Amino acid sequence: MSIIHIDMDCFFAAIEIKYRPELATKPVAVGGNPSGRGVLTTCNYIAREYGCHSAMPAFKALELCPELIILPVRHDLYRQESHKIREIFKQTTTIIEPLSLDEAYLDVTHLNEDPSQIAQHIRQQIKDERGLTSSAGISTNKMLAKIASDWNKPDGQYQIRHEDINAFMNDLPASKIWGVGKRTAEKLDSMGVTNCKDLQSIDLPTLHHKFGKFGVSLYQLCRGIDDREVVTDRESKSTSVERTFKININQIHEAKAKFKSILLELKDDLTTNHNDRKLKSAFVKLTFSDFQKTSTEKKSDKINSELFNELLINSWNRGKGKSVRLIGAGVRFEPKKSESDLHQMNLFE
């Protein structure tokens, strides 16, 4: 198999800089806000040199880089750019598995061409047509391709050939394996496992005993074996929109006023990206001033503002007078069954 993993370089920040080229030499982040509230969604490589990174609280990023320019998230713009990039992918192959707005797997096995040259061509086309850079990983399976795409970032690519897999895996940190999170990495470290060569020395029964079903996956993945196919119709289970506010909200009427724009963005997302999905439930989540979180959910196949406001009030009352720093709203979808089961939903009727 020949799998390419394309990963856009600091996608949200790169798009913002594309439209504001005067920021190209400055540290830039997207998400949070200049007052230090919220967390960063992404940042450019200049900001990363200061230690800033995605999911970092904005106040911490500003401590590391006081000159950091923090821009608001513009989801519509990023979705539009992502759609145009996927159209570029489709000029090469239709076997595409998007992972998020800024990355995707492409199966190019059927093309019988050098996958490294294919990746180079796609990346150049993205640069020429969209003015954005990307990185690519090329290998025989999804796990290796994704790992490889991070090897020569930004604006580079790396190929792990079949004959090089054994040597590559020996030195690879176990934490780089697909599915290994913080807790699993800590557990492996407690077992004396730092790289995949260490992990290969542990037999299958032991891994199964320690990690359950995932132990079987670990046994294969640490050897570079990954049989997952590129899935062209990845099914979303939910979608949501949330806002972190510069100043905490103290009154429910203030919350309702802010809530309207959140619902409008959610409606736009559902109409644009999920209009063929049957809805299962609606939910609202809040984060209070003391960082305690709560969420309220209700089953419904028809979503409207009245339902969301009911959920907002229920969640708000759990705070017992505490102010609110974040409000989010979303929906969960019923699983897809077949094309005949799909029908257009009357959203926000």
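The values are calculated or read from the model by the stated rules, or taken from the named source; none is laboratory data. Treat the numbers as computed from the prediction; the structure is a model and nothing was measured. When we count neighbours, we look across all protein chains shown, and the Cβ atoms used for this are built from the backbone with ideal geometry, even at glycine.
Data for the structure
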| quantity | calculated |
| --- | --- |
| Criterion violated by Asp301 - all others in (1) assigned to a loop (DSSP other than H, G, I, E, B); (2) at pLDDT 95 or above satisfied | (2) |
| Residue among Lys60, Lys26, Lys84, Lys18 that alone is more than 26 Å from Thr272 (Cα to Cα), in contact (Cβ under 8 Å) with a residue 12 or more places away in the chain and of a type in the set (Lys, Arg) | Lys26 |
| From Ser281, Ser300, Ser305, Ser323, residue being under 22 Å from Gly31 (Cβ atoms) and among the hydroxyl-bearing types (Ser, Thr, Tyr) | Ser323 |
| Checklist (1) modelled with pLDDT of 95 or more; (2) surrounded by 14 or more Cβ atoms within 10 Å (Cβ to Cβ) applied to Arg161, failing item | (2) |
| Residue match in segment 240-250 (condition: within 15 Å of Arg325 (Cα to Cα) and of a type in the set (Asp, Glu)) | yes |
| Segment 114-151, subset without any contact (Cβ under 8 Å) to a residue 40 or more places away in the chain and under 30 Å from Gln220 (Cα atoms), residue surrounded by the fewest Cβ atoms within 10 Å (Cβ to Cβ) | Gln117 |
| Inter-residue pairs, beta-carbon under 7 Å, first under 17 Å from Met169 (Cβ atoms) and in segment 193-209, second aromatic (Phe, Trp, Tyr), 6+ apart | Leu204/Tyr219; Leu207/Tyr219 |
| Given (1) part of a helix (DSSP H, G or I); (2) free of Cβ contacts under 8 Å to residues at least 60 places away in the same chain; (3) among the basic types (Lys, Arg); (4) under 30 Å from Ile70 (Cα atoms), index of the condition Lys258 fails | (2) |
